[in-house]
Amino acid sequence: MPTDGAGQVTTGFADAPPPERLPPADLGAERAVIGAVLHHAAVLDEAAELVSPEDFYRPAHAELFREMLRMREAGRPVDAISLAAHLGDRLHQLGGAPYLIDCMGSVPTPSNVAYYAEIVADKAMRRRLVAAATRMSQLAYALPGDVDEDLVGRAHEFLDEVAGGGRSGRGRRLRRTPASEVTMRRLRWLWQNRIVLGGLTLLAGREGLGKSTVAVDLVAQVTRGELAGEFLGEPRPVIYVNSEDARDSTIVPRLVAAGADLERVVFLDAVSPTDDEAPLVLPHDTRLLAEEIDDLGAALVVLDAATSVIDSTLDGDRDRQMRRGLEPISKLAADTGAAIVGIVHFGKRESADTGKLILGSIAWSQVARSVLAVARDEDTHQLVISSTKANLAPGDAASLAVSLVPAAVDTPDGPTQVARVEWHGETPQRAEELLAVGPEGEDRSLIAEAVTWLLGYLSDEKRAGSAGAGEILRAAKADGFNERLLQRARKRAHVSTHRTATGWTWTLDTAPRRQDDNPT
């Protein structure tokens, strides 16, 4: 068996230190689990489903958690005073009463105990994995002869211990809920078929496009009771969580330009025990945010920008970590019944898959109940808003076209210029089509060729200048023209669109053309 210069057995894993030399688990997370239970004993069951005393790196934390479990099993109250009395003289060995207070002060809200318990469990699993690798390495060097089934079987046992770990099912049980006992409820929409109540919706687009201005207009409509949905005719409060634009010089002037009822729009900041202000951090502040939603009766919460509100300790590119941050937000929406709209950015690459365009983890689009994509149509200079993920909607919501127009707003120190939204109604254009191909994506000759094809197709005597959009696009695809190319050709060929009971129809404009309009 190989040894080092001091005669110690080496494992063959140069980058994996032995278990006793591992960096400690996130002790802050361990303190938060202990503190959360001392704040609110009801969360102990939730924590116990995720971790056991053996999962804690610090022995004092393991002992405190073990004693709290024993107190719960004995039917005794679990709080700081009761725990101190239960431990007696042993409390000093575990840090004393001041340490219990320190643990309680390290957790923003007991409702996030699962978030911290998952961190503790993850660190424990990693320590067990390194320990198993060490044992398997030692086993491979120790046993003579060829690798046999016994050696492989014992290695599997080590890995099974890693999978089971400290939890290994202890304290967990399955609860049955017959479908007959589930109370059904109807789906409710803040904005019909676009923004669901009780869920997370993403408003996504490339940076600097005007997403915040669109969000402000929706906020204004909610405060006036004019947004087509559940609260049409019923003005409701809105919570606006901002982290990028200034409230005084940008957001409030935009709200004024959009005609919002400012008394119904509330900004939130976190306040420390020393009265210091800090930004809201999710999922840490989910309980506090839920209390504000319930107290105000808010129908909508806007996170602008959503990525700035998420806990910065979470790796934005790792799906599992981002789910830890996003799923509590989704649950918050479900528990309060409010719509939560997070503004996120698209990357610069071109793709029709808006889920993959969102900067960071794919978890954003996976956790969200719906995604509204915003893209610019370079031909009309308008923004196109399309619902690119709406699994709950009964059908595809039509795309909408909007323009950003300048607006002057009077302030105490003089007028200021902001943008406001001007709505143009439905459009056959889709945001994902605009995102799939850049503004210079097609060669001019290809567009001219597509214009000639489209004019010829519609001018055929069988169609008399008009045909369904689906029919045209299928025929164009068969002849080698993609949908994005046909949409650009349609505008140059003076082909108008209108919606009928069966769908969109393209109609050739019969007005005489100028000579320079001829695409050929």
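The values are calculated or read from the model by the stated rules, or taken from the named source; none is laboratory data. Keep in mind it's a predicted model, so treat the numbers as computed, not measured. Here the Cβ is made from the backbone with ideal geometry for all residues, glycine too, and neighbour counts use every protein chain on show. The area values use the complete protein model at the heavy-atom level, side chains included, leaving out ligands, DNA and RNA. Shrake-Rupley method; radii C 1.70, N 1.55, O 1.52, S 1.80 Å.
Tabulated data
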read-out	value
Cα gyration tensor category, rounded, prolate or oblate, for the range 188-258 with a/c compared to 1.5	oblate
Estimated distance in nm for a label pair at A464 and E378, the labels positioned 7 Å out from Cα along Cα-to-Cβ	3.9
Residues of the range 41-78 with amide N under 12 Å of a point placed 7 Å along Cα→Cβ from R176	none
Calculated FRET value between A408 and M184, using beta carbons and R₀ = 51 Å, to 0.05	0.50
Links that overshoot a 30 Å alpha carbon limit, given the list K123/K389; K123/K348; K211/K331; K211/K477	K123/K389; K123/K348; K211/K477
Spin-label zone in the range 39-61 - amide nitrogen under 17 Å from a point set 7 Å from the Cα of D294 along the C-beta vector	40-43
Solvent-accessible area of V309 with every protein chain in place, 1.4 Å probe, in Å² to the nearest 10	0
Karplus (6.51, -1.76, 1.60) ³J(HN,Hα), θ = phi - 60°, over the range 235-251, in Hz, Gly and Pro reported as x	x, 10, x, 9, 9, 10, 9, 10, 9, 10, 7, 6, 5, 6, 9, 10, 5
Accessible area, probe 1.4 Å, largest first, for residues I119, I81, I34	I81, I119, I34
Neighbour net charge for Y99 - beta-carbon separation under 13 angstrom, K R +1, D E -1	0
The range 456-483 versus the range 206-247: alpha-carbon centroid distance in Å	40
